[in-house]
1. Would you point out which residue out of Asp52, Asp104 is exposed (fewer than 14 other Cβ atoms within 10 Å of the Cβ) and either in contact with an Asp or Glu (Cβ under 7 Å, 6 or more places away or on another chain) or among the acidic types (Asp, Glu) (or both)?
2. Every residue in segment 79-109 that is free of Cβ contacts under 8 Å to residues at least 40 places away in the same chain and farther than 18 Å from Lys18 by Cα, please.
3. Scan segment 38-55 residue by residue and report those that are out of contact with any His (no Cβ under 9 Å at 6 or more places or on another chain), in a helix (DSSP H, G or I) and without any contact (Cβ under 8 Å) to a residue 24 or more places away in the chain.
4. Restricting attention to segment 1-31, and to residues there that are among the aliphatic types (A, V, I, L, M) and assigned to a loop (DSSP other than H, G, I, E, B), which single residue is modelled with the highest pLDDT?
5. When you go through (1) touching a residue at least 12 places away in the same chain (Cβ under 8 Å); (2) of a type outside the set (Gly, Ala, Ser); (3) surrounded by 10 or more Cβ atoms within 10 Å (Cβ to Cβ); (4) outside any loop (DSSP other than H, G, I, E, B) one by one for Phe34, which number turns out not to apply?
6. Residue check: is Gly87 under 13 Å from the mean Cα position of the chain (by Cα), surrounded by fewer than 15 Cβ atoms within 10 Å (Cβ to Cβ) and among the small types (Gly, Ala, Ser)?
7. Of the residues Ile58, Ile125, Ile78, Ile68, which single one is more than 25 Å from Phe34 (Cβ to Cβ) and either of a type in the set (A, V, I, L, M) or not in a helix (DSSP H, G or I) (or both)?
Amino acid sequence: MFNATKQFPLPRVLSDHKPIVLESGDWDASPSYFKFENMWLQSDGFLDMVRDWWNSYIVMGTPDFVLIHKLRHLKKDITKWNKEVFGKLDTQRHKSLMELGKLDQIAEQRPYTTKENLKLLDLKIEMQQIAIAEEIS
């Protein structure tokens, strides 16, 4: 009845329990639209970049024409910047989860070395930072 349903464990991040992902099949993708993300405000220099971008656009015409075209240009610049800076969050989260998964497998076979304990701590801090950015978003 639920052929596309899958479940699998994720590596332990913050607790001693493994979270379980339940996938229930494909969802139809809706067309995306521009959304302002609050996490952008946490990025150093974001407002300065927006100001610089805004001032760099040269558009002639009535005030409403200028506003519309400057907003369109700004949308493109912010979207590109978001992919370069925050688009890496998904990639980084996936990479960190894979590394945590490897460490989980090691922990099931033997105790961690000092180097592995430090790596585990770094990965947990990294995952917390990613979670904070995603929560703000």
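1. After ruling out the rest, the residue left standing is Asp52.
2. Within segment 79-109, Lys80, Trp81, Lys83, Glu84, Gly87, Lys88, Asp90, Thr91, Gln92 meet the criteria.
3. Leu41, Phe46, Leu47, Asp48, Arg51, Asp52, Asn55
4. Leu10
5. Every listed condition holds for Phe34 apart from (4).
6. Criteria met by Gly87.
7. So the residue among Ile58, Ile125, Ile78, Ile68 that is more than 25 Å from Phe34 (Cβ to Cβ) and either of a type in the set (A, V, I, L, M) or not in a helix (DSSP H, G or I) (or both) is Ile125.
This table checks each residue for (1) of a type in the set (Lys, Arg); (2) modelled with pLDDT under 85.
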site: Leu71; (1), (2): no, no
site: Glu84; (1), (2): no, yes
site: Lys88; (1), (2): yes, yes
site: Ser96; (1), (2): no, no
site: Arg110; (1), (2): yes, no
site: Lys115; (1), (2): yes, no
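The values are calculated or read from the model by the stated rules, or taken from the named source; none is laboratory data. On a predicted model such as this, the values are computed, not experimentally measured, just so you know. Here the Cβ is made from the backbone with ideal geometry for all residues, glycine too, and neighbour counts use every protein chain on show.
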